[in-house]
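The values are calculated or read from the model by the stated rules, or taken from the named source; none is laboratory data. Nothing here was measured: the structure is a model prediction, and the numbers come from that model. Virtual Cβ from ideal backbone geometry, glycine too; neighbours counted across all protein chains shown. Heavy atoms of the whole protein, side chains included, go into the accessibility calculation; ligands, DNA and RNA do not. Shrake-Rupley method; radii C 1.70, N 1.55, O 1.52, S 1.80 Å.
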Amino acid sequence: MADKPKCILVGLEASEGFTSTPALDYAVALAAHHGSCLTVCALPPSIYLPISRTGGGLASIVKKELDALEATTRETAKAAARLAAGAGVECVTEQSLSRLEPRSARLARLARVNDLCVLDAPGEGSDMKSDVVEDVLFDSGRPALLVPQAGGNPAPRRVAVAWDGSARAARAVDDALSFLQEAEQVFIVSVTGEKDLSRMAPGADLAAYLVRHGVNDPQIETLTAIDGDVTARLNAFLSAEQVELMVMGAFVHSRFREAVLGGVTRTMLQSAPAPLLLAH
């Protein structure tokens, strides 16, 4: 994404009594910063239906519940659009309302025709949000930017690239290029002790590539995992260097779609102190 993002998508979970989320605030500010069009896709909340042993009246109860969820989803999208309009951002709304497909399927399709999809980071114990992130990463072909509860700076001055020389990491760098070009300081971070990096493209080669693409003096950092814990070492570096955006390739355990995200990717999603740009 060498050009600045012109089309930004944000996904948020609908809820009664609308409250903005870190991802929505970030996406609105990012769209305002770049003069981008923002698409808001509201996802229906999870549904918990009563179980009837007799089956009497169950169909009407289910219909009433689904209608209420759809109304909540529409109202959330409208409220988010009003928030964006108040910031002077061009905004369109979409709702994931199909009763015949997973609730994040519509979001993944929309991501294919946007430069970037912004989502709230799952946090610990949030498998539902993790599933949405995985659907966007695996099914859209576009990067996802995950915003932690603390929020983040949509014009990050200090950006780190988690670099292992892999194809996934290279894809993430390309998707994050506009952020890297605007940053005051860029770190190329490799962690030793976690995998064999001898056959991977070295950080020095990436630094030369970035300089040719207008990135200001990238700094190479080689870190050692703390007791083999790559996530802890990366997070410690992000905090110490006040990094405002981390760029990394999303690792999966196998080529099958059913596989979950790799260990480092998943734990970074749950604990990163800064927004995380992922590409697969």
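Remarks
- A search for C-beta distances below 8 Å between a residue of region 221-241 that is of a type in the set (Asp, Glu) and any residue that is open to solvent by 60 Å² or more (accessible area, probe 1.4 Å) and modelled with pLDDT of 90 or more, counting only pairs 6+ apart in sequence or on different chains, returns Glu241/Arg158.
- Within region 217-238, the set of residues being open to solvent by 70 Å² or more (accessible area, probe 1.4 Å) and assigned to a loop (DSSP other than H, G, I, E, B) comprises Asp217, Asp227.
- Residues in region 149-175 that are under 23 Å from Ala225 (Cβ atoms) and of a type in the set (A, V, I, L, M, F, W, C): Val159, Ala160, Val161, Ala162, Trp163, Ala167, Ala169, Ala170, Ala172, Val173.
- Residue in region 96-108 that is surrounded by fewer than 22 Cβ atoms within 10 Å (Cβ to Cβ), within 16 Å of Leu30 (Cα to Cα), in contact with a Ser or Thr (Cβ under 6 Å, 6 or more places away or on another chain) and at pLDDT 85 or above present: no
- Matching residues in region 178-192 - criterion: being at pLDDT below 95 and either open to solvent by 40 Å² or more (accessible area, probe 1.4 Å) or of a type in the set (Gly, Ala, Ser) (or both): Ser190, Thr192
- Checked against the criterion of being among the charged types (D, E, K, R) and open to solvent by less than 70 Å² (accessible area, probe 1.4 Å), region 109-121 contains one or more residues that satisfy it.
- Leading residue by the ranking (farthest from Cys37 (Cα to Cα)) among those in region 73-89 that are open to solvent by 20 Å² or more (accessible area, probe 1.4 Å) and out of contact with any strand residue (DSSP E or B) (no Cβ under 7 Å at 6 or more places or on another chain): Glu75
- From the options Leu107, Leu137, Leu145, Leu180, residue that is part of a helix (DSSP H, G or I) and within 17 Å of Leu38 (Cβ to Cβ): Leu107
- Residues of region 240-250 that are modelled with pLDDT of 95 or more and either crowded, with 23+ Cβ neighbours inside 10 Å or in a helix (DSSP H, G or I) (or both): Ala240, Val243, Leu245, Met246, Val247.
- Any hit, region 193-208, residues being at pLDDT below 90 and open to solvent by less than 10 Å² (accessible area, probe 1.4 Å): no
- Those residues of region 146-163 which are open to solvent by less than 40 Å² (accessible area, probe 1.4 Å), over 20 Å from His213 (Cβ atoms) and of a type outside the set (Gly, Ala, Ser), in sequence order: Leu146, Val147, Pro148, Pro154
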